[in-house]
């Protein structure tokens, strides 16, 4: 059960929540971040929920332990319901008396995470919420997301800016390098997403949250490093002569060179503009006297195109 998972209890301070020293952090975030959202509970509800969750803590080995002596067993009023509520009762009451708020909140969270950001009033939220509302089965809600017609729309295909970790995973997948070779730990902090260190209890936000000069520069640094690893591996050796000063030695057209560079990483484009920009790059390199850098450029630029930044 996630609500009594040691990581959750420690992260949201409920291991310090006792009847003698009430800590409201877990109770508040349970409602605000994970179940119903702002506007569907009161400060009285927060306090009552915190009292219900007293005593749910950890032992000396960081394993879950319920301590009856730390629990407030007195009557509490939560969501207008009076009773001697314990922690699990709070969740049951939320799902019973704020069910509609919960199913829409959960549907919005799922769709915004996997497809593109939406408001609670978006029709797609109603579709997912209707499925989830049948029996509160998260697996069925996920299936409804993935099978929805809008999930295959152009908006959904590139509807999210990849977080740094998602971008790193994409780089490693397309280049074929593992963590020991790619060393994502060298770059993630500069990109703005260090694993297990979110900025606050709500976690990392999406989309333009990741678009800063320093974060984009860090992505370029990692792409540059993987370019060097791919170059050393021998990627695209057969197109090294495409910038030869003598046009008669060209083996491929600019377009063919770009297509080979994209196929090298298994990247599929949805934008003709991206391909045209890469073709212009090859053409400009053919007219320059820096042929030594052309293959390396073709190994780096595909890792920085919009299709690699979006998900």
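Each value in this text was obtained by applying a stated rule to the coordinates, not by laboratory testing. Keep in mind the model is a prediction, meaning the values are calculated, not measured. So basically every Cβ, Gly included, is an ideal-geometry build from the backbone, and we count neighbours across all protein chains shown.
Stokes-Einstein diffusion coefficient for the stretch 86-193 at 10 °C in a medium of 1.306 mPa s, Rh from the Kirkwood formula over Cα pairs: what value in µm²/s?
Estimated via Stokes-Einstein, D reaches 98 µm²/s.
Rounded to two decimal places and with Rh computed the Kirkwood way over Cα pairs, what is Rg over Rh for the stretch 123-249?
We get a ratio of 1.13 for the stretch 123-249.
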Worksheet item: Of all the Cα-Cα pairs you can form in the stretch 99-156, what percent are over 17 Å apart?
Response: 24
Discussion item. Report the rotationally averaged projected area of the stretch 2-97 based on its alpha-carbon convex hull, in square nanometres.
Written reply: 5.5
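Could you sort 82-91, 195-204, 42-51 so that the peptide with the highest average Cβ count within 10 Å comes first and the rest follow in order?
For the peptides 82-91, 195-204, 42-51, the packing ranking is 42-51, 82-91, 195-204.
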Worksheet entry | Principal-axis tilt of helix 43-52 within the chain, Cα atoms, nearest 10 degrees | 80
Worksheet entry | Most fluctuating residue given options 255, 115, 180, as computed from a GNM of the chain linking Cα atoms under 10 Å | 180
Worksheet item: What is the extension gain from residue 59 to residue 201, computed as 0.36 nm multiplied by their sequence separation minus the C-alpha to C-alpha distance, in nm to one decimal?
Response: 48.8 nm
Worksheet item: If contacts are Cα pairs under 8 angstrom and at least 6 residues apart, what is the relative contact order of the stretch 99-156 in percent?
Response: 34
Worksheet item: What's the center-to-center distance, using Cα atoms, between the stretch 71-140 and the stretch 181-210 in Å?
Response: 28
Item to complete: Grab the DSSP H runs of the chain that are 4 residues or longer, score each as -39,500 (n - 2.57), total them, divide by all residues and round the 222 nm result to the nearest 500 deg cm²/dmol.
Response: -14500 deg cm²/dmol
Worksheet item: Which whole-number percent is the relative contact order of the stretch 27-92 (Cα, under 8 Å, 6+ apart)?
Response: 28
Worksheet item: With contacts defined as alpha carbon pairs under 8 Å and 6 or more residues apart, what's the relative contact order of the chain in percent?
Response: 12
Item to complete: Please give the contour-minus-distance gain from residue 256 to residue 166: 0.36 nm per residue of separation, less the Cα-Cα distance, rounded to one decimal in nm.
Response: 29.5 nm
Discussion item. Show me, bin by bin at 10 Å from 0, the whole-percent P(r) of the chain based on Cα pairs.
Written reply: 5, 20, 23, 20, 14, 9, 5, 2, 0
Item to complete: Take peptides 129-137, 258-266 and line them up by average Cβ neighbours within 10 Å, highest first, as a rough protection proxy.
Response: 258-266, 129-137
Worksheet entry | For the stretch 164-309, radius of gyration divided by Kirkwood radius, i.e. Rg to Rh on alpha-carbons | 1.02
Fill in: Linear extension gain, residue 180 paired with residue 275, 0.36 nm per residue minus alpha-carbon span
31.1 nm
